[in-house]
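Asker: Input: one structure, supplied below.
The values are calculated or read from the model by the stated rules, or taken from the named source; none is laboratory data. The model shown is predicted, which means the values in this text are computed figures rather than measured ones. Every residue, glycine among them, receives a Cβ derived from its backbone with ideal geometry; neighbour counts consider all protein chains shown.
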Amino acid sequence: MTSAASASAVPERSVLGLAPVVPVVVLEDAADAVPLARALVAGGLPAIEVTLRTPAALDSIRAIAAEVPDAVVGAGTVITPAQVTGTVAAGARFLVSPGWSPRLLGAMQDSGVPFLPGVSTTSEVVTLLEEGITEMKFFPAEAAGGTPYLKSLASPLPQARFCPTGGIKAANAPEYLALPNVACVGGTWMLPADALAAKDWNQVERLAREAANMSPSGGTSQR
């Protein structure tokens, strides 16, 4: 995996490999976007998924894209072709969906940026592999079977690589990262609600650094 310190540019067609953890960010106030992104980048997490769950999402993506050059900002919870167009226009450098349909998949393929379509079943994985897509989001990870499910896919479908999201925490993230078909995980534990409410960006940076140094065996690696 590419270290976070050297990953200021997203690979041309890949979302995976920027860091072991992708923060999943829900912003209620676009004014918080830039200081939050700076804290995450300073902590070693350059790939930042801003979810389209609030009215502030698009403005937040625009602000991060314009003012935090070392961040690789992406859009999450993308569920319509219109959202694909709008988020890319706002500066999103990758797209993440909780699931996919043929129309949504086509729009993401035409977007010109890397994307992670969401899957939770073997049939969905096989269908995407038929389309030549090998990088996927596994969601909702814990509810859909967790590490045992992903481990069972590794042998029959070794070409598929995943970013599990949904129920991932600091305690179980290393178990996912130890799997051969998991490149990174998505989560929110480095963004506690009390720190965001207090605008405690130092705490966010500290938690981001712990996540960036996470190793598959648990604890942190020395980087």
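Asker: Just give me the residues in the stretch 86-129 being in a loop (DSSP other than H, G, I, E, B) and either of a type in the set (S, T, N, Q) or farther than 28 Å from Arg62 by Cα (or both), in sequence order. Quick ask: steps written out before the conclusion?
Answerer: From the stretch 86-129, those in a loop (DSSP other than H, G, I, E, B) are 91-94, 97-101, 111-114, 117, 120-121; that's our starting set.
Matches in the stretch 86-129: Ser97, Ser101, Ser111, Ser120, Thr121.
Asker: Check every one of the helices (runs of 4 or more DSSP H) wholly within the stretch 130-223 and list those with 2 or more residues that are under 15 Å from Ala19 (Cα atoms) and of a type outside the set (Ser, Thr, Tyr). Break it down stepwise before answering.
Answerer: Working: elements: 146-154, 173-177, 193-197, 201-212.
Ranges flagged: 173-177, 201-212.
Asker: Another question, if that's okay. What are the pairs, 6+ residues apart or on separate chains, where a residue within the stretch 197-211 that is farther than 14 Å from Pro35 by Cα has its Cβ under 6 Å from a residue that is surrounded by 17 or more Cβ atoms within 10 Å (Cβ to Cβ) and β-branched (Val, Ile, Thr)?
Answerer: Ala211/Val21
Asker: So in the stretch 66-86, with the set limited to residues that are over 15 Å from the mean Cα position of the chain (by Cα) and crowded, with 20+ Cβ neighbours inside 10 Å, which one is nearest to Ala31 (Cα to Cα)?
Answerer: Applying the filter and picking the extreme gives Val68.
Asker: If only one of Leu45, Leu36, Leu40 is modelled with pLDDT of 95 or more, surrounded by 24 or more Cβ atoms within 10 Å (Cβ to Cβ), assigned to a loop (DSSP other than H, G, I, E, B) and among the hydrophobic types (A, V, I, L, M, F, W, C), which one is it?
Answerer: Residue meeting the stated conditions: Leu45.
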